[in-house]
Amino acid sequence: MLEKTGVATEQDLARVTPSKERRAKGPVAVIECFQRIPCNPCQTACKTGAIKEFKDINDTPEIDHDACTGCGLCVSSCPGLSIVVVDETYSEEEALVKIPYEFLPLPEAGSFVTGLDREGKPVCRAKVVKVLNTKSMDRTPVVSLAVPKDMSMTVRFIKLNDYFSDNTIVCRCEELTMGELRELIRKGYNTVDEIKRISRAGMGPCQGRTCRQLIMQEIAAATGTKMADLTVSTYRPPVKPVKLGTIAGGEHGE
Amino acid sequence: MRTTEIAIIGGGPAGLRAAISAASMGAKVTIIERNENLGGQLVKQTHMFFGSQKQYASTRGIDIAEILLKDLDKYKDRIEIMTNATVLSIFEDGVISIEQDDKYLKIKPQSVIVTTGASEKFLAFPNNDLPGIYGAGAVQTLMNVHGVAPGRSVVMVGAGNIGLIVSYQLMQAGIEVKAILDASPRIGGYLVHASKIRRMGIPILTSHTVKYAHGTDKLQKVTICQLDEKFQQIPGTERDIETDVLCISVGLSPLTELLWQAGCNMKYIPELGGHVPVRDKDLQTSIKGVYVAGDVAGVEEASSAMVEGRLAGLCAAKALGHATADFEELHNDCIEQLNSLRSGHVGEKIRKGLEQVAM
Amino acid sequence: MRIKEHPILSFSKGRKVQFTFDGKAYEGYEGEPIAAALHAAGVMVLGHSHDKQRPRGFYCAIGNCSSCLMVVNNEPNVRTCTEPLKEGMVVETQKGKGDLR
Ligand SMILES: Cc1cc2nc3c(=O)[nH]c(=O)nc-3n(C[C@H](O)[C@H](O)[C@H](O)COP(=O)(O)OP(=O)(O)OC[C@H]3O[C@@H](n4cnc5c(N)ncnc54)[C@H](O)[C@@H]3O)c2cc1C
Ligand code: SF4
Ligand code: SF4
Ligand code: FES
């Protein structure tokens, strides 16, 4: 419950999420402000009239998503930092999420950061497309992030150290990085076998001896499963790389 | 003895607005502020304020202070400013005594507007006096006024607006906030503030409190525990968090010593933070010529403090014969703004409290 | 620890000055409260309570609570959370109720 946790529930969000059709048309503001408080700068900032006139200063903002141009003027004027602009037309696979970010250092355009959800949990990798910080924004810069399209209504904050582009090598034979592994787990590949099939990790000469443990730990951490409960990968023979000729030659002494 | 028409005690948003409005009516005003700088709580607030344009919504507290000081400057021939000057007492004959830079002074004003704000409440738990355990106001002063980090990491007690905002400000200053605790089962502050903190991954633990602070010389860790519906500690739920700062933000109570001395009729109103003066619609207390505005009259917000200050300033000036043609209009505007600020769900508590102190 | 960069604020500091705390040399900025300069240098214990000898740091930082009383240039009971730092100050922890020694 929002009042207990500070995190909006699905029901809360259902009330403010622009329709799929509207999102497919271009940038639109998502206003996650659910409580009656004496505040109205979002309405004052909106020049298109998409945010309807407040009858009472305590009203929660009511927005006509069809009238909203996604200009983003409201984003940096909201003291609650509760508005983002979402643009699902950004590219075939990615959506743009524009968030207010009042911290230093500011991320650099072109860099990769970790997308966080409403509880601060890492959910995907995000590319910083633009950082807008004009005088009129008064020290509330707006960061544009490219995220996987299905993450447009999930990513609401970032962490600068990029969890998903961590270059630590997990599988030295196939050169799978930790970042790539995390990205795969996020996409739903959450058994060692599935990851092996898609990335070839564990199919190199060491046969997964170096990477299997690390992959399992990461799956356990990301999915909240105990190591003991994970599906163990199939162990295929042979357990040690041998020259093809060794086998093809038939059993010694035969 | 020095004289003035209106003495304003406390140079926070309420006091500054009171000075500006009284001076704009033509009154001669003296502001007495114990700090080196004017602005009260505003000078520590780096976040954008709520409210509407009339109360400078979406502007940061520090910048609202600047705006008020500029307005003040327009009337500088009528406003005298005393800083580093603490009012020690108001005598029954209306004379006020002041300590300024180790000197003792007295002033005889025709009226006073008391805008002394509020002071922080404290919390009782073992070892609560260890260095490293600070009030939220102190943490803000140290970090936002003096640019010094209170420590490496912080556990915040209190999920009201102040606890939430100070946590956010700590993160902005690069200090890790490990958790925010609140004894209540619900978050008391604005939920938009709570959500922006949660997004950064900081847990807000409702129904939790500090049970024990540990450390020999200074704070090293705290033991927290869960509370049941009756606010009783649940045995077995204890958990340790290592931290070098514990920040206490469990509410404010009006700073009313001077009003007691002046002989004002006071009432205990929990909704307004503690003992507050009974007042009429002009914000005059039971003692003629003693007005109040802002947190000292009931802990609320800077937005309402400014409007109250403006109202008290107008009324005090009028009572001394400085009427302007648009007085009624200005008066009504103040009342309307206050009603609107207090009309919501959050203002409900304030409305309930105010009903009990109306004269 | 000083806050080096801040997204909203910029801190304008006075000039650097030297002072001593219980005989050891320290550095701070002129005009900032003595307790802030000490805190920035990692000193959190400003004194001990007179009865139970419990360590004391500052608490309110605005001159309300008297938790930060120290001896400054031989004068006891100085509220160091508000007292501005000056070049060459001699700051000492206060023992007992702060009688002049
Ligand atoms: C962390 C925090 C965040 C806040 N956020 C918001 C917000 O977003 N929006 C909002 O509207 N409000 C906010 N507030 C509340 C707002 O700051 C206060 O309600 C407001 O400052 C009250 O104004 P005031 O003038 O009554 O008191 P204060 O600002 O407290 O000013 C009182 C002044 O009186 C002086 N004084 C006291 N006693 C004496 C004396 N004896 N002699 C001389 N001077 C004296 C004090 O030094 C002080 O300067 C916040 C408060 C805090 C602490
Ligand atoms: S994005 Fe622009 S048009 Fe849409 S609500 Fe915000 S200010 Fe109005
Ligand atoms: S400005 Fe932000 S916090 Fe205020 S009403 Fe609008 S959305 Fe809510
Ligand atoms: S810390 Fe409270 S008076 Fe100095």
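The values are calculated or read from the model by the stated rules, or taken from the named source; none is laboratory data. Predicted model only: the values in this text are computed from it and were never measured. Using ideal geometry, Cβ is built from the backbone for each residue, glycine included, and neighbour counts are taken over all protein chains shown. Accessible surface is based on the protein model in full, side chains and every heavy atom, while ligands, DNA and RNA are left aside. Shrake-Rupley method; radii C 1.70, N 1.55, O 1.52, S 1.80 Å.
Taken together, C:Glu83, C:Glu32 contain a single residue that is under 25 Å from B:Ala85 (Cα atoms), more than 9 Å from chain B (Cβ to nearest Cβ) and charged (D, E, K, R), which is C:Glu83. Filtered by the rule that a residue be within 14 Å of another protein chain (Cβ to nearest Cβ) and under 19 Å from B:Gly15 (Cβ atoms), segment B:307-359 gives B:Val307, B:Gln337, B:Leu338, B:Leu341.
Let's see how each residue does on (1) modelled with pLDDT under 95; (2) away from chain C (no Cβ under 12 Å):
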residue: B:Asp102; (1), (2): yes, no
residue: B:Lys108; (1), (2): no, yes
residue: B:Val112; (1), (2): no, yes
residue: B:Thr115; (1), (2): no, yes
residue: B:Ala124; (1), (2): yes, yes
residue: B:Asp129; (1), (2): yes, no
residue: B:Gly132; (1), (2): no, no
residue: B:Gly137; (1), (2): yes, no
residue: B:Asn144; (1), (2): no, no
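Count of segment A:132-182 residues, restricted to those that are at positive phi and not assigned by TED's automatic domain parsing to the domain that holds A:Val97, is 1.
Applying the criterion of being away from chain A (no Cβ under 13 Å) and closer than 30 Å to C:Leu85 by Cα to the residues of segment B:157-200, the residue that is most open to solvent (accessible area, probe 1.4 Å) is B:Ile162. Condition check for C:Met89 on (1) crowded, with 19+ Cβ neighbours inside 10 Å; (2) closer than 29 Å to B:His214 by Cα: one failure, at (2).
Contact map, segment A:20-47: residues that are in the same structural domain as A:Asp138 (by TED's automatic domain parsing) paired with residues that are near ligand 2 (Cβ under 9 Å from one of its atoms) and part of a helix (DSSP H, G or I), Cβ distance under 7 Å, separation 6+ or inter-chain. Pairs shown: A:Ile31/A:Cys42; A:Pro41/A:Ser77; A:Cys42/A:Ser77; A:Ala45/A:Ser77.
Restricting to segment B:54-74, and then to whatever is part of a loop (DSSP other than H, G, I, E, B) and touching a strand residue (DSSP E or B) at 6+ places or on another chain (Cβ under 9 Å), can you tell me which residue is nearest to B:Val43 (Cα to Cα)? Before you say what the answer is, go through the steps one by one.
Of segment B:54-74, the ones part of a loop (DSSP other than H, G, I, E, B) are B:56-59, B:74.
Now restrict to residues that are touching a strand residue (DSSP E or B) at 6+ places or on another chain (Cβ under 9 Å): B:57-59.
Details: B:Ala57: 16, B:Ser58: 16, B:Thr59: 13 Å.
Going through the qualifying residues, I end up with B:Thr59.
For segment A:103-110, check the following and say yes or no: at least one residue is within 16 Å of ligand 2 (Cβ to nearest atom) and either surrounded by fewer than 20 Cβ atoms within 10 Å (Cβ to Cβ) or farther than 23 Å from B:Gln55 by Cα (or both). Taking every residue of segment A:103-110 in turn, none turns out to be within 16 Å of ligand 2 (Cβ to nearest atom) and either surrounded by fewer than 20 Cβ atoms within 10 Å (Cβ to Cβ) or farther than 23 Å from B:Gln55 by Cα (or both).
Against the list (1) outside the structural domain of B:Asn161 (by TED's automatic domain parsing); (2) open to solvent by 10 Å² or more (accessible area, probe 1.4 Å); (3) in contact with a strand residue (DSSP E or B) (Cβ under 7 Å, 6 or more places away or on another chain), the condition B:Leu259 fails is (2).
For the condition of a type in the set (Asp, Glu) and either touching a strand residue (DSSP E or B) at 6+ places or on another chain (Cβ under 6 Å) or closer than 27 Å to C:Val43 by Cα (or both), B:Asp93 does not qualify. Hey, does segment A:1-22 have a residue that's more than 14 Å from chain B (Cβ to nearest Cβ), within 13 Å of ligand 2 (Cβ to nearest atom), among the charged types (D, E, K, R) and within 25 Å of the chain's Cα centre (by Cα)? So far as segment A:1-22 goes, yes, one or more of its residues are more than 14 Å from chain B (Cβ to nearest Cβ), within 13 Å of ligand 2 (Cβ to nearest atom), among the charged types (D, E, K, R) and within 25 Å of the chain's Cα centre (by Cα). Listed by position, the strands (runs of 3 or more DSSP E) contained in segment A:24-129 that have at least 2 residues being more than 12 Å from ligand 3 (Cβ to nearest atom), in contact with a Cys (Cβ under 9 Å, 6 or more places away or on another chain) and within 12 Å of another protein chain (Cβ to nearest Cβ) are A:112-116.
Matching residues to (1) more than 16 Å from ligand 3 (Cβ to nearest atom); (2) of a type in the set (Val, Ile, Thr):
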{"residue": "B:Val192", "(1), (2)": "no, yes"}
{"residue": "B:Ile204", "(1), (2)": "yes, yes"}
{"residue": "B:Ser207", "(1), (2)": "yes, no"}
{"residue": "B:Glu229", "(1), (2)": "yes, no"}
{"residue": "B:Gly236", "(1), (2)": "yes, no"}
{"residue": "B:Pro254", "(1), (2)": "yes, no"}
{"residue": "B:Gln261", "(1), (2)": "yes, no"}
{"residue": "B:Asn265", "(1), (2)": "yes, no"}
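Yes or no, residue by residue, for (1) open to solvent by 70 Å² or more (accessible area, probe 1.4 Å); (2) within 9 Å of another protein chain (Cβ to nearest Cβ); (3) free of Cβ contacts under 8 Å to residues at least 60 places away in the same chain:
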| position | (1), (2), (3) |
| --- | --- |
| C:Arg15 | yes, no, yes |
| C:Asp22 | yes, no, no |
| C:Met44 | no, yes, yes |
| C:Lys52 | yes, no, yes |
| C:Pro55 | no, yes, yes |
| C:Cys65 | no, yes, yes |
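Among the conditions (1) in contact with a helix residue (DSSP H, G or I) (Cβ under 6 Å, 6 or more places away or on another chain); (2) under 19 Å from B:Phe122 (Cβ atoms), the only one that C:Gly63 does not satisfy is (1). When the strands (runs of 3 or more DSSP E) confined to segment C:5-100 are screened for residues that are more than 25 Å from B:Tyr168 (Cβ to Cβ) and within 16 Å of ligand 1 (Cβ to nearest atom), those reaching at least 1 such residues are found at C:75-79.
Within segment B:211-228, the set of residues being modelled with pLDDT of 95 or more and either open to solvent by less than 10 Å² (accessible area, probe 1.4 Å) or of a type in the set (D, E, K, R) (or both) comprises B:Lys211, B:Ala213, B:Leu219, B:Lys221, B:Val222, B:Ile224, B:Cys225, B:Asp228.
Can you name the residue in segment B:34-51 that is among the small types (Gly, Ala, Ser) and open to solvent by less than 20 Å² (accessible area, probe 1.4 Å) and, of all such residues, is modelled with the lowest pLDDT? I'd like the intermediate steps shown before the answer.
Step one: of segment B:34-51, the residues among the small types (Gly, Ala, Ser) are B:39-40, B:51.
Going one step further and asking which of them are open to solvent by less than 20 Å² (accessible area, probe 1.4 Å), we end up with B:39, B:51.
Numbers: B:Gly39: 96, B:Gly51: 86.
Restricting to residues being among the small types (Gly, Ala, Ser) and open to solvent by less than 20 Å² (accessible area, probe 1.4 Å), the top hit is B:Gly51.
The set of residues in segment B:204-228 being without any contact (Cβ under 8 Å) to a residue 24 or more places away in the chain and assigned to a strand (DSSP E or B) consists of B:Lys221, B:Thr223, B:Cys225, B:Gln226.
Here's the yes/no breakdown for (1) modelled with pLDDT under 80; (2) open to solvent by 20 Å² or more (accessible area, probe 1.4 Å); (3) within 19 Å of A:Leu81 (Cβ to Cβ):
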{"residue": "A:Val143", "(1), (2), (3)": "no, no, yes"}
{"residue": "A:Cys171", "(1), (2), (3)": "no, no, no"}
{"residue": "A:Glu174", "(1), (2), (3)": "yes, yes, no"}
{"residue": "A:Glu194", "(1), (2), (3)": "no, yes, no"}
{"residue": "A:Leu214", "(1), (2), (3)": "no, yes, no"}
{"residue": "A:Ile219", "(1), (2), (3)": "no, no, no"}
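Annotation note: of B:Ile79, B:Ile67, B:Ile98, the sole residue that is in the same structural domain as B:Thr285 (by TED's automatic domain parsing), among the hydrophobic types (A, V, I, L, M, F, W, C) and either modelled with pLDDT under 95 or near ligand 1 (Cβ under 10 Å from one of its atoms) (or both) is B:Ile98. When only residues in segment B:29-53 that are part of a strand (DSSP E or B) and more than 10 Å from chain A (Cβ to nearest Cβ) count, which is nearest to C:Pro84 (Cα to Cα)? My answer is B:Ile32.
Residues that are among the aromatic types (Phe, Trp, Tyr) and modelled with pLDDT under 95: which strands (runs of 3 or more DSSP E) entirely in segment B:229-301 hold 1 or more of them?
Details: elements: B:239-242, B:245-248, B:252-254, B:266-269, B:274-277, B:290-292.
Strands (runs of 3 or more DSSP E) meeting the threshold: none at all.
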